[in-house]
Amino acid sequence: MVASGGRAVTAAEAVVDVDAVILSVPFAGIPQIAPLIAKVPADTVVIDTSNYIQHRDNGIAAIEADQPESVWAAQQLGRPVVKAYNSLGAD
């Protein structure tokens, strides 16, 4: 088996000395990880793969009022985010 270099780490360890951070958490959980993201350098790219789902995320008023998810996430984290891998419902 070829080693990939990947290994399990804590969330705090995952943001140390990295060029980019990929967030893949339930959308409503973004404010809870803001303190962790605040510790990364300003030039670290933050990529958000989260998707707002009204019934799971308890209806976030700003999103319901048509604020883009990426704007809301950036406000919660206090820094710009790149939105990636966004999913669309199959309805």
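Miscellaneous remarks
- For the stretch 60-75, putting each phi into the Karplus relation 6.51 cos²θ - 1.76 cosθ + 1.60 with θ = phi - 60° gives couplings of 7, 3, 4, 5, 4, 8, 6, 6, x, 4, 5, 5, 4, 4, 4, 5 Hz, in residue order, rounded to whole numbers and with x for Gly and Pro.
- Taking amide H as placed 1.01 Å from N in the peptide plane, residue 23 has its amide H under 5 Å from the amide H of 47, 48, 49, each at least 5 places away in sequence or on another chain.
- Given (i) 30; (ii) 50; (iii) 39, the label whose value is percent of Cα pairs over 20 Å apart derived from this model: (iii)
- Residue-averaged 222 nm ellipticity for the chain, from DSSP H runs of 4+ at -39500 (n - 2.57), nearest 500: -6500 deg cm²/dmol
- Within the stretch 57-84, backbone nitrogen closer than 16 Å to the virtual label 7 Å beyond the Cα of residue 32 toward Cβ: 57-60, 77
- Think of the chain as having a plus end and a minus end, set by charges on the Cβ of Lys, Arg, Asp and Glu; of 49, 20, 5, 5 sits farthest toward the positive end of this dipole.
Values in this text are rule-based calculations from the coordinates and carry no lab data. Just so it is clear, the structure is predicted and the values come from calculations on it, not from any experiment. Ideal geometry is used to build each Cβ from the backbone, glycine not excepted, and the neighbour counts take in all protein chains shown.
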